[in-house]
Amino acid sequence: MEAKPKVCSPFILQRGTSRKTSSEIVSEARSSLRVQTTHRPFTPKEGQRQLFGQNSVRAGRDNRPPSTFSLHTQHFDSDSRPGSGTRLLPLDHKPKFPVTFPAEDPCRAIPKPPADLVGVRRQPTGARARLLKTGSLTNLLSINGETNYKSGPGPRLKPLATKQLPSKEDAGFQRAHVKTIPRRTASESRVKQPDVDSGLRSTECRAEQKTELRCTNTDEDAEAKIWSKDILPLLQQLERGGSDHPDPENAVDRLCKLCDDLYGTLSKAELLERRCKHRSAILRALFGLIDLNSAQLNLHIAELCLALCVSGNNLLNICKLIFQISRSENNDALFQNCSIIDMLLEVLCREDVSKCGYALLYCVGTLKFLSGNSTIVKLLLDKNSLGVAEKLLQKLSAVDDSLHTTAGHILVQLTVTLRNLANNSDSRPLFVSHCILPALCMVLRRHCKDQDICTNISRIYSKLSSYSECRLALTQTPDCYQLFLELLSKHHQKQDLVVRLLFTLGNLTSKSDEPRQQLFQCTGCVDILLQIYHSYQQRDGSTHTASPKEADDVLVKLIRVLANMCIHPSVGPHLASNVACVQLLMETLELRSVQESEELLVTVAATINNLSFYQEERSAITANQLTIAQLILKLMLSSNMEALLEATRVYGNLSLSKDVRDFLMQNKVDQFLVTVLDSKSVEMCFYACGVLTNLAMDPPNRVPLLLEGVSGKLLDCLKDLGGGDWQLAGQVCQAMWNLIGCGSEELPDSQESVVFLRILIMYTDEEEALQWMENEHMTDFHRQCWKIEFLPVAQKLMKVLQHPV
């Protein structure tokens, strides 16, 4: 009898035992604490392609960029001048000379210097002094050797004799005379010219300038030949708009072919970007074709314009044009056969938000629409779109406050694009390698008040946090848990944001103890979670805007976080002793029905089971265990097997109490448990046997259980399922041992006892017992479970069956 407490040990093994074998750890995890799972929140696909969907908080704002607009030729600048912010208007004033001189007197056409009012000519200084050189006045002499300059009304100045032009007869003499005069060196010159070291240096500079000029002229001549021979004919055909084509229906195809030829010609001649002198004429011809309103042609035009590096207003309108084409899913195939996607990614890398904010907005908006196509998603990943997204996130996070609104508009488009890319399994390693997840946390901190951005990022996290490599990258992001809690507190009324953040936290706490403890230690963690729980409880007269289904979805995700957190040995006791937490769980069981809120009640039951593992004096579960047993009863009456399983698990822990065992017997729960043994489910039979083991501890309960045929059901479980699961086999033997009162009670039917003994003899033979193990890698594990979980209690039961009292 002294060994009876050991044999009739409680269904749940308590923590703190000195022995920690692998089978015991598996047994504890299997019979008590268990991680909760749930489905990911569903994100419906928007019916129309718009910059901001109908659920966006920007939908009703007047200052948001439009998704629908009209573009025509007149909206483009033909000269393609770079935008400079504000364009200055030309001046209406044109200066005119006050006096008109006759054309026959050329000398009088030269303007007169102002009169010296003080009668003294001032000597020029500074830069003007350097302009006065010997012989500079010869440029002002008339053909007749006289000047017509007058200083005011005074007499005409006489020309200097030394500066008179030589006659033809003296020309040869003067040329010879110049040769005999030695050249004055730079050091002997009266005025030293700047940046000139010597005559040799000047000669070299002049030679270099001549060489550069000669090269420039050569390049210009080559470009002129290409222009006149190859480019100009193509432009002339484009300007005619394909009207000369014999088949008008194929005119668009003809124009697209001309655009391709023009692109190839410019590329071969290296005249793309801004290298071509006739770039304005090319753009003018291209802009003139936009009014034909052909999506295929407009994409070719946009491709050429982006290759020519348009800027300012033209860049904005080209991005709008591409955006307009991408709004129709029927045009997605056009983007697969051109280089527009590459050019848009290049624009995102090159352009600045402060100068081209709206151009970047429509550029990313186009990628958002295209990323909804699974085929184009693969193209985007191959073209390093996530690398471009990382750079753009860094750029947008560093903008000034004056551009905060524009950056927010762009981020809405970018985050939806990333959400679409996250659907592809090949993108997950790229999200990690490009550090997209930490960058999105930085965006959340900067735009924590923007519900659109926060919701889109929460959708990315809820998708990627289901995968281990992404979970690891997110858990290594500093303060991500505190950030999520702050967003939950700030936007607790926005259901689609709250449910996704809670789902992400549930994923992060599902596999490791460290995230569970880090989340629990965040400031106000439990208070924030319980506040949201209280808000979405949906009591009578609740004014919450969420529908009952949406509220249940939030509660399922939130309670799952609590269930996962309490697995940590230092967190579980705190949550189990939190009266407010336990009261909310009990209230949910009371308010909801299994038919309407099946998943919610199952999650609540699983959380209560995890909390009931911590049997302490200050535990609120222990203080309310009888009330909880009454509330759980509705799950036992359900036809749903998952609800029945969770209720059985809860009763396995609560039935350690004598009051709970009496309640179960009074409400005929034992009959449900005996029926459950026919389910042939290993897990269901295991937990049912555990509750029956605890019920059989009380002698008054043994006779009713035997009359209900529990011994025959236990025999079937041992015969059909025990050989493949030694934990279940051990639990069956323990339940039978309690039923016969360790041999002190009358044995069941003699025939059943004989069959039971025969099976135990076969199972206690190690070679015979382990011969059915198909997985060789699990042989050692099963051998340990057989030795620890089954063999001790089976041997004691065999002695009683062989030698009944």
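The values are calculated or read from the model by the stated rules, or taken from the named source; none is laboratory data. Predicted model, so just to flag it, every value in this text is computed and none were measured. For neighbour counting, all protein chains shown are included, and Cβ atoms are generated from backbone atoms with ideal geometry for every residue, glycine included.
For this structure, a couple of remarks:
- Qualifying residues in the range 274-333 (those that are without any contact (Cβ under 8 Å) to a residue 24 or more places away in the chain and polar (S, T, N, Q)) - the one farthest from Arg254 (Cα to Cα): Asn330
- Yes/no for Ala302 being surrounded by fewer than 22 Cβ atoms within 10 Å (Cβ to Cβ), part of a helix (DSSP H, G or I) and over 23 Å from the mean Cα position of the chain (by Cα): no
- Residues being at positive phi and touching a Cys at 6+ places or on another chain (Cβ under 9 Å) - total across the range 270-329: 2
- Number of positions in the range 242-254 that are modelled with pLDDT under 85 and surrounded by fewer than 18 Cβ atoms within 10 Å (Cβ to Cβ): 8
- For Met762, the conditions (1) touching a Gly at 6+ places or on another chain (Cβ under 8 Å); (2) modelled with pLDDT of 90 or more all hold with the exception of (1).
- Residue count for the range 613-627, restricted to those that are under 42 Å from the mean Cα position of the chain (by Cα) and within 21 Å of Leu591 (Cβ to Cβ): 2.
- Residue check for Ser639: surrounded by fewer than 22 Cβ atoms within 10 Å (Cβ to Cβ) and either touching a residue at least 40 places away in the same chain (Cβ under 8 Å) or of a type outside the set (Asp, Glu) (or both): yes
- Positions within the range 293-311 being out of contact with any helix residue (DSSP H, G or I) (no Cβ under 7 Å at 6 or more places or on another chain) and either aromatic (Phe, Trp, Tyr) or under 16 Å from Ser70 (Cβ atoms) (or both), in sequence order: Asn293
- Of the helices (runs of 4 or more DSSP H) lying entirely inside the range 473-563, those carrying at least 3 residues that are closer than 22 Å to Asn55 by Cα are 480-490, 495-508.
- Those helices (runs of 4 or more DSSP H) of the range 642-711 in which at least 1 residues are under 55 Å from the mean Cα position of the chain (by Cα) and surrounded by 15 or more Cβ atoms within 10 Å (Cβ to Cβ), considering only elements entirely within it, cover 658-666, 669-676, 682-695.
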